[in-house]
1. Between Glu67 and Leu309, what is 0.36 nm times their sequence separation minus the Cα-Cα distance? Round to one decimal in nm.
2. List the GluC sites (Glu not before Pro) within segment 174-270 that fall in a DSSP loop (any state other than H, G, I, E or B) and whose Cβ has at most 11 other Cβ atoms within 10 Å.
3. Starting from the Kirkwood Rh over alpha-carbon pairs, what translational D in µm² s⁻¹ does segment 264-366 have by Stokes-Einstein at 4 °C and 1.567 mPa s?
4. Between Ser372 and Val109, what length comes free when the chain is fully extended (0.36 nm per residue of separation minus the Cα-Cα distance, one decimal in nm)?
5. Over the chain, consider all pairs of different Cα atoms and compute the Kirkwood hydrodynamic radius from their mean reciprocal separation; express it in Å, one decimal.
6. How high is the relative contact order of segment 9-80, given as a whole-number percent (alpha carbon pairs under 8 Å, six or more residues apart)?
7. Fewest to most neighbouring Cβ within 10 Å: what's the order for His236, His86?
8. Could you list Ser209, Ser270 so that the one with the fewest beta carbons within 10 Å of its beta carbon is first and the one with the most is last?
Amino acid sequence: MVADSQPGHIDQIKQTNAGAVYRLIDQLGPVSRIDLSRLAQLAPASITKIVREMLEAHLVQETEIQEPGSRGRPAVGLMVETEAWHYLALRISRGEIHLALRDLSSKLVVEERLELALQDTQPLLKRIITQIDQFFIRHQGKLERLTSIAITLPGIIDTESGIIHRMPFYEDVKEMPLGETLAAHTGVPVYIQHDISAWTMAEALFGASRGARDVIQVVIDHNVGAGVITDGRLLHAGSSSLVEIGHTQVDPYGKRCYCGNHGCLETIASVESVLELAQVRMHQSMSSMLHQQPLTVESLCQAAVKGDLLAKDIITSVGTNVGRILAIMVNLFNPQKILIGSPFNQAADILFPAISDCIRQQSLPAYSKHISVEQTQFSNRGTMAGAALVKDALYNGSLLIRLLQG
Ligand SMILES: [Zn+2]
C-alpha cells in the first residue's frame with residue numbers, strides 16, 4: 001500500500017502517538033524517555049519531540065528517579081502534571097443533575113447535586129446551560145484552566161454530533177443539540193456518552209474491571225442495560241448503539257414497554273417495575289417484613305438480607321431474569337468478569353448467586369466456570385463516568401492535541 005502523505009493522515013499519527021505516550025506516562029510515571037521509547041515502540045527522537053511539547057504545555061513534568069542500589073547520577077523521569085487543568089463532568093439522570101469540577105488526574109475539586117425538574121416551562125437545553133453558568137460563577141475561585149466538558153446521560157444519543165435524539169424521563173427532549181450548543185457557549189470540546197457506556201469505561205479505567213480484557217457490565221436501575229468490553233475496547237464506542245439487553249423480551253405476555261414491544265427485561269427488572277411488583281405481592285403475604293415500613297429499594301433489600309421469604313423471592317427473580325439474558329451474552333463474549341451495577345446490590349448475597357446459578361446452568365460450562373460476578377466499584381451517582389470520557393480523550397490524543405496547541 002502506498003503511504004498516505006496527506007496532512008490529515010500525519011496529524012492523525014501525531015495525535016495517536018502523543019496519546020499513547022501520555023497514557024504511558026500517566027499509568028507508569030515517573031518513567032524515563034528510554035523506557036517510553038521502548039514501551040511506545042517509537043524512535044528516541046520522536047519521544048524527545050513529543051515530550052518537549054508536553055513539557056512546554058505543562059502537561060508533563062520532570063522528576064529524578066534514583067534506581068534502588070544505584071550510586072550514579074539519578075535518571076530523569078516524567079510524570080503527568082494535572083492540577084492546573086480542570087474539566088467539568090456532568091451527569092443528568094431522573095430529576096437531578098450532578099456537576100463536578102475535576103483536575104486531569106480525575107481528582108475531585110468540587111461536586112454538587114441539584115434538582116432538574118422532569119417538566120418545566122423552559123426547555124431542558126436552556127436549563128442545563130443556566131445550571132453550568134451558575135456553577136462556574138459559584139466556584140470561580142477554584143477554577144483552573146478549563147479543558148473540556150464531559151456529559152453522561154440516559155437516552156438515544158449520537159455521540160459524534162452530540163445530539164440527544166430522545167431521553168427517558170424528559171419527554172420534551174427531541175433532537176437536542178447539546179454538544180454543539182455547549183461547545184459554542186464555552187469554547188471547549190464537549191464529550192457526550194450514554195451513561196451506561198461511560199460507566200463501563202470508568203470501571204475499566206479506574207474501577208472494578210481494570211486490567212480485564214473482556215467484561216460484561218450490567219446496570220439494573222431506573223433503566224436496564226449493559227456495557228461490553230471486548231479485547232480491551234468498549235463495544236459500540238463512538239456510535240449511538242448500546243447493548244440493549246433491557247429491551248430483550250423475557251415475557252411474551254408481559255407489560256407493554258415504551259420501546260413498543262411487550263415484556264422487555266426493563267419492564268420486569270427496573271427499579272420501578274420491581275417495586276411495583278413487590279407492592280402487588282405484599283398483599284398476598286401479610287406476614288412479610290415489607291409491611292413494616294415504606295417500600296423502597298433499601299427496605300426491600302434489607303428484608304431480603306434478613307431472610308424475609310417474599311423479599312428474597314423478588315430479588316431472586318430479578319437475578320434469574322437478568323441471568324437468563326447474561327447466559328446468552330456469556331456464550332457470545334466469553335468474559336472473564338461480570339460486573340453488576342445496581343441499587344439492588346444492597347442484597348448482593350441473594351442477587352449474585354441467583355445470577356451465577358443461571359449463567360452456570362444456561363451457558364457453555366467451559367465459558368461459565370471461571371467467571372466471577374462482582375459489584376461495580378462506582379455507583380450510578382456522581383460523575384466518575386464523565387471522568388472516563390476525558391481520560392479516554394487524553395489517551396486517544398484528541399483532547400491532548402488541543403491542549404498542546406494551546
Ligand atoms: Zn422495551
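1. Values: separation 242, 0.36 × 242 = 87.12 nm, distance 6.05 nm.
Extra length available between Glu67 and Leu309 comes to 81.1 nm.
2. Details: sites: Glu175, Glu180, Glu203, Glu244, Glu266; in loops: Glu175, Glu244.
Hits after loop and neighbour filter: Glu175.
3. Working: Rh = 14.1 Å.
Translational diffusion coefficient: 92 µm²/s.
4. So the chain would gain 91.2 nm between Ser372 and Val109.
5. On the way: mean 1/r = 0.0429 Å⁻¹.
Computed over Cα pairs of the chain, the Kirkwood hydrodynamic radius comes out at 23.3 Å.
6. Working: 76 pairs, mean separation 25.2, N = 72.
After rounding, I find 35 percent.
7. Working: His236 15, His86 23.
Taking fewest neighbouring Cβ atoms as first place, the list is His236, His86.
8. Numbers: Ser209 27, Ser270 20.
Ascending Cβ contact count within 10 Å gives the list Ser270, Ser209.
Rule-based calculations on the coordinates, nothing more; no lab input. Nothing here was measured: the structure is a model prediction, and the numbers come from that model. All Cβ positions, glycine included, derive from the backbone under ideal geometry; neighbour counts span all protein chains shown.
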